[in-house]
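Chemist: The structure's right below; bear with me while I get my questions together.
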Amino acid sequence: MSKTDREPSSNLKILISVLKYIAPYKLQVTLAAIALLCTAGISLSMGQGFRLLVDEGFVMGSSQRLTEIIALVLFLIFLLAIGTFCRFYLVSWIGERVTADIRKAVFNHVIELHPSFFETNLSSEIQSRITTDTTLLQSVIGSSVSIALRNILMFCGGIIWLFITNIKLTSVVILCVPLVITPILIFGKRVRKLSKSSQDEIAHVGSYVGESLQNIKTVQGYNHQNIDMDRFSDQVESAFRVAVLRIRQRSLLIVIVMLLVFGAIAVMMWVGGQDVIEGTITAGELAAFVFYAIIVGSSVAAISEVIGELQRAAGATERLLELLHSSNLILPPQSKKSLKQEVAGVIDIRNITFAYPSRMETPAIRQLSLSVDAGKSMALVGPSGGGKSTLFELLLRFYDPQSGEILFENVNIKDLDPKDLRSYIAIVPQQPALFSANVWENIRYGNPKATESQIEEAAEAAFAAEFIEKLPERYDTFLGEFGVRLSGGQRQRIAIARAILKDPKVLLLDEATSALDAESEHMVQRALERLMKNRTTLIIAHRLATVKNADQIAVLDQGSIAAMGTHGELRKNSLLYARLSDLQFKEAS
């Protein structure tokens, strides 16, 4: 995506891909097109109004005829105002609607992508694409395209009226058209490339802001503000330099077009003035011709400017399409299997090997096999980097092993819809993920259909109710970004309440009590023991109380099973476990 080496498209054809999002709104597009045609036609007819005004109003000196012509012009202006309102409203509506649809399409696609996608693509940069790039598209669809189409109509209609009015003068204008089109084509290509680079730089700026603000306590704790300010300044200045290059190209384009267009109009007026003096044409015809020439010239200038906007939109569209075309590596099988009605929670892992996509040379799991019977618990212990958390990610099918298989209820999880599989599993991670919402919504995340009484029961079971009741607005209290308004132990208990509410068949506890003080840990441990009853549970634990209560303990070392047994057995038979027990566990055995 952002890291690809794919060359950007060399023209505006990539914008055609947006048409499928406009297609559902045929009625609005049709009405906008009618309004566009009407306003263009009325604007062009104003030239004939000016001809009549000069020849039959001013030259003939008829007050009555002058009044009639002015009344006609005012009527045309009224119609033009009505048509412009309809055109502007409809086109703006289409722009907003299509932008909203594209945002939803991109988000809906990205949120289903496999987790390894986000190892190489920053979430903040993706956020920038969904917001900044779609906003640019909205501006183009809701404004620039309409302006371009209107000016194309005005250009074509103006050329026709120029020929009707005076062929000789029209030839002067026509000769200048290639002179105007050539720089548009040359500079337009440069602007498009710089536009994509500019959007990329802006995304990098947004990414840096997001990381700094999300880790603000670390930033300030290490007095890193000045360094971050300097780095952010470099990012901003880099984006500014690219933007200046783009602006310079567009400015040169506009200047060249204006000089050529209005230079041609000046030459045309000189030639036309000579014809009026000689009596070849009337003053009204010259006025009408000048009007149409200005329309043609301003249309070309406007089109050249809009092309710059379209080039920027092409860059934004290309970035969005990169997201939409990103393939998902974890998909439901074409002929997926279903689990039996009564799911017990049997897990059987057979000889799996797995390496993360970003670290393929170093397997995190090596030929690992283990089984967990329904309703039983297994503790996973071992040094950091032993593969414990990785095993959880494989069980949830965030990744697929390179070899071996994982069976759930005697069915290979690759044959199951990942959503079906995950509906039976709840995980409480070491660092719980809370959202910018209130307590109700954060606990309800485990079961979106849960009632308030069920949420309160889950909070009681997780021993979270005692601190929730003391919050300013109890369950309605907003927890802030990432639950920043709570302590680590409180966040952990909210996460446990969420898992309790889900009522899963399989529990994955990743050091679920590690952030709790002794008193809180005791309460939560009791809650977990109730929750674990009759449920298959895998526990990553560094506390002896958790380990001792497990039915089985698996010692992982460098991605493999080093030993397996009960606490007592492993103390006698495994030197690694004995060492971990002495050094790592918090309680004496």
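The values are calculated or read from the model by the stated rules, or taken from the named source; none is laboratory data. Keep in mind that this is a model prediction, so the values were computed, not measured. Note that we place each Cβ from the backbone using ideal geometry, even for glycine, and neighbour counts take in every protein chain shown.
Chemist: When Glu119 is evaluated against the numbered criteria (1) surrounded by 14 or more Cβ atoms within 10 Å (Cβ to Cβ); (2) within 20 Å of Ile330 (Cβ to Cβ); (3) not polar (S, T, N, Q), which criterion, by number, is the only one it fails?
Modeler: (1)
Chemist: For residues that are surrounded by fewer than 17 Cβ atoms within 10 Å (Cβ to Cβ) and among the aliphatic types (A, V, I, L, M), scanning just segment 153-165, find the one that is nearest to the chain's Cα centre (by Cα).
Modeler: Ile160
Chemist: Which residue pairs have Cβ atoms under 7 Å apart, sit 6 or more places apart or on different chains, and have a first residue in segment 437-466 that is of a type in the set (Ser, Thr, Tyr) and a second that is at pLDDT 85 or above and part of a helix (DSSP H, G or I)?
Modeler: Within 7 Å, the pairs are Tyr445/Arg498.
Chemist: Here's another thing I want to ask about it. Exactly one condition in (1) over 23 Å from Cys156 (Cβ atoms); (2) touching a Gly at 6+ places or on another chain (Cβ under 8 Å); (3) assigned by TED's automatic domain parsing to the domain that holds Ile167 is false for Asn351; which is it?
Modeler: Failed condition: (3).
Chemist: Let me ask you something else. Output yes when any residue across segment 287-299 is over 30 Å from Val145 (Cβ atoms) and out of contact with any Ser or Thr (no Cβ under 9 Å at 6 or more places or on another chain), and no when none is. Write out each step before concluding.
Modeler: Of the residues in segment 287-299, the ones over 30 Å from Val145 (Cβ atoms) are 287.
If we keep only those that are out of contact with any Ser or Thr (no Cβ under 9 Å at 6 or more places or on another chain) too, we end up with 287.
Yes; the residues of segment 287-299 include at least one that is over 30 Å from Val145 (Cβ atoms) and out of contact with any Ser or Thr (no Cβ under 9 Å at 6 or more places or on another chain).
Listed here are the residues, each with its yes/no results for (1) surrounded by 18 or more Cβ atoms within 10 Å (Cβ to Cβ); (2) in a helix (DSSP H, G or I).
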| site | (1), (2) |
| --- | --- |
| Arg397 | yes, no |
| Pro432 | yes, no |
| Ser436 | no, no |
| Gln454 | no, yes |
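Chemist: So Leu321 clears everything in (1) part of a loop (DSSP other than H, G, I, E, B); (2) over 21 Å from Gly47 (Cβ atoms) except one condition, right? Which one?
Modeler: The failed condition is (1).
Chemist: Then there is this: So for segment 466-476 (the condition being buried (at least 18 other Cβ atoms within 10 Å of the Cβ), modelled with pLDDT under 85 and not hydrophobic (A, V, I, L, M, F, W, C)), does at least one residue qualify?
Modeler: Checking segment 466-476: at least one residue is buried (at least 18 other Cβ atoms within 10 Å of the Cβ), modelled with pLDDT under 85 and not hydrophobic (A, V, I, L, M, F, W, C).
Chemist: Would a scan of segment 380-398 turn up a residue that is in contact (Cβ under 8 Å) with a residue 12 or more places away in the chain and over 30 Å from Ser574 (Cα atoms)?
Modeler: Going through segment 380-398, the residues in contact (Cβ under 8 Å) with a residue 12 or more places away in the chain turn out to be 380-383, 385-398.
Adding the requirement that they be over 30 Å from Ser574 (Cα atoms) leaves 397-398.
Checking segment 380-398: at least one residue is in contact (Cβ under 8 Å) with a residue 12 or more places away in the chain and over 30 Å from Ser574 (Cα atoms).
Chemist: Select from segment 69-103 the residues that are small (Gly, Ala, Ser), more than 26 Å from the chain's Cα centre (by Cα) and surrounded by fewer than 17 Cβ atoms within 10 Å (Cβ to Cβ) and list them in ascending order.
Modeler: Ala71, Ala81
Chemist: Another question about this same structure. Just give me the residues in segment 131-152 being of a type in the set (A, V, I, L, M) and surrounded by 19 or more Cβ atoms within 10 Å (Cβ to Cβ), in sequence order.
Modeler: Within segment 131-152, Leu136, Leu137, Val140, Ile141, Val145, Ala148, Leu149 qualify.
Chemist: Then there is this: Check whether at least one residue in segment 83-100 is in contact with a Leu (Cβ under 8 Å, 6 or more places away or on another chain), within 30 Å of Lys419 (Cβ to Cβ), in contact (Cβ under 8 Å) with a residue 60 or more places away in the chain and of a type in the set (A, V, I, L, M), and report yes or no.
Modeler: yes
Chemist: Pairs under 7 Å by beta carbon, first residue farther than 18 Å from Val372 by Cβ and in contact (Cβ under 8 Å) with a residue 12 or more places away in the chain in segment 562-576, partner outside any strand (DSSP E or B) and not hydrophobic (A, V, I, L, M, F, W, C), six or more apart or different chains?
Modeler: Filtered contacts from segment 562-576: Arg571/Tyr577; Arg571/Ser581; Arg571/Ser589.
Chemist: Then there's this: Tell me which helices (runs of 4 or more DSSP H) are completely within segment 43-152 and hold 2 or more residues being closer than 23 Å to Val296 by Cα, or say none if there are none.
Modeler: In segment 43-152, 63-110 are the helices (runs of 4 or more DSSP H) which contain 2 or more residues that are closer than 23 Å to Val296 by Cα.
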